[in-house]
Structure formats: C-alpha cells, structure tokens
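Let me begin by presenting the structure, written as structure tokens, before commenting on it.
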Amino acid sequence: MSQKPKNRVELDKMRKAGELAAQTLDYITPHVQPGVSTERINQLVHDFITEHHAIPAPLNYRGFPKSVCTSINDVVCHGIPTEKEVLAEGDIVNIDVTVIVDEFHGDTSRMFYAGEVKDNARQLVESTYKAMWAGIETVKSGSKLIEVADAIEAEAKQHNYGVVREFTGHGIGKTFHDEPMVLHYNAGHPTQMKRLRSGQCFTIEPMLNEGTWQTKMLDDGWTAKTNDGKLSAQWEHTLAVTDDGYEVFTLSPAGYKLPPYG
C-alpha cells in the first residue's frame, strides 16, 4: 500500500516536527566531544525535546530504552546510549533524533567528529552526505524510488563503499515507520518502481560502510555493526515530494552541513 499524500495542514505539522528535530541536533553539537558519554548526549537530547513540549519518539518504541540513537565507528545504526560508552579522540558518531510534535514525526540524523578524525573517516562521512543529497535531488512528483537508490549507489561506487541493505528509509507522518520502504540500493523491488506523488513524506537515510555492506546484530536486539569491523556512516533527512521537486523538513536552522561544525 502506498502512502496517502498529506494535505496542507498535515504538511505544516511535518515542517514543525522536522524543524524541532533539526534544532535538537544543532543544540547537541557543541556537546559532542571526546570524554562525553553517549548517556550524557541522550539526557541532553531528552531534556531539550521535552522542554519544547514534544516527545522523543525512540523512547520505548518497540522496547528501545533511550531517547536517541548514538552509533559510533563500526556501529551502523540503533546504538543504545550508555554511561560506560565514552567518545574518544578520532571517533565518528551518528546521532539519530526523532521527535513527535502535535502527533507528527520529524526524523533526522547527522554525523559528528569527536576531535580530529583520520582522512579515511572524513572521506566516508563526506561521501555518505553526498550520497544522501544525490538521492534527495532525484525526488519530484512522478519520479521513482529506484532513482534514489541508483544515485546513492553511484556515489558509493566511487570509493567501493558497501551500501547497507538491511535498513531502509521509510514513509513518515503520524506513523513513525510507514510506506513506502525507501531502499538505498537497486533491488528491483516493486516498491522502487511506483511513481511518487506530491505530498508523500519519507526519509532518505543511506548507510555506507568502508567495507562490506553486510551487518550483524548484537545481543541487545538493536545495535547493528558492520560485519567486518570497518567504519560506517549515515545521514538522514525527512522530506516531502512536491510538484517540481522536494521540500526537506530537517535542514539545520544553524546552517550546519558537514562536520566539523561551527
């Protein structure tokens, strides 16, 4: 089933949710430093969202125990913040925030550097950012999701990066994870061949790995790591299809694009 396009009132609510999600990442930026625990990041994110009269969507979602996902180095996605996990010099970390504002979800993630990072890590982070935007820029009414996948794969192939297959983008609105499923690789899936319609909302959130695309799940049932222990990076935006293109709801109000920020 394809997602029903949202009306003007619903799209305005999506904008507000997306803006708060992006503001949350802007707020946390100066706190992402060596020596800071991922639990500290979680608490700051939780407090910021609730102080803005919104709900941190990950908390208790299908049993997830925290308000934000923090995925360091070879963690592909859904890393669980803990007091024991402390950022070290040279780490790269994805912080994934989803808020609920007036029943609607805003979902976005960014990569951050803890101090100075190695050139290979920087290249992976920047290429994944380019891949996300290459996918976004294919979107318009009448385009197909397979164009998103092809654009992302083309960027990944320039550095022989693996495009993660087990996790996808997704439709979003009142429901956190809705149709359509947004694959970031060309699977020839029927969903990828349906034409997009103005007013549909979804995330594009490619995960690129330095090595194999394959991942493994830890015993906690949430944390996914690269199968070969190499680095992974992810970026995510929530957007809507428009008649002649797209509208991204989760752009940084501070104008942040690539790390290091500021």
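The values are calculated or read from the model by the stated rules, or taken from the named source; none is laboratory data. Note that the coordinates shown come from a computational prediction; the quantities given were computed from them, not determined experimentally. Please note: Cβ atoms are built from the backbone with ideal geometry, for glycine as well, and neighbour counts cover all protein chains shown.
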| Residue check for Ser252: under 28 Å from Asp119 (Cβ atoms) and within 13 Å of the chain's Cα centre (by Cα) | no
| task | Go through (1) surrounded by fewer than 20 Cβ atoms within 10 Å (Cβ to Cβ); (2) touching a Cys at 6+ places or on another chain (Cβ under 9 Å) one by one and return the number of the condition Lys216 breaks. | result | (2)
| task | Find the residue count for segment 52-97, including only residues that are in a strand (DSSP E or B) and either hydrophobic (A, V, I, L, M, F, W, C) or in contact with a Cys (Cβ under 9 Å, 6 or more places away or on another chain) (or both). | result | 14
| query | Among the residues of segment 192-219, which ones are out of contact with any Asp or Glu (no Cβ under 6 Å at 6 or more places or on another chain) and among the acidic types (Asp, Glu)? | reply | Glu210, Asp219
| task | Could you tell me which of the residues Phe202, Phe176 is surrounded by fewer than 20 Cβ atoms within 10 Å (Cβ to Cβ), at pLDDT 95 or above, touching a strand residue (DSSP E or B) at 6+ places or on another chain (Cβ under 8 Å) and of a type outside the set (S, T, N, Q)? | result | Phe176
| task | Identify all residues within segment 52-66 that are more than 11 Å from Ala21 (Cα to Cα) and under 17 Å from the mean Cα position of the chain (by Cα); write none if there are none. | result | Pro58, Leu59, Tyr61, Phe64, Lys66
| query | Considering only segment 153-184, how many residues are in a strand (DSSP E or B) and over 15 Å from Leu124 (Cβ atoms)? | reply | 8
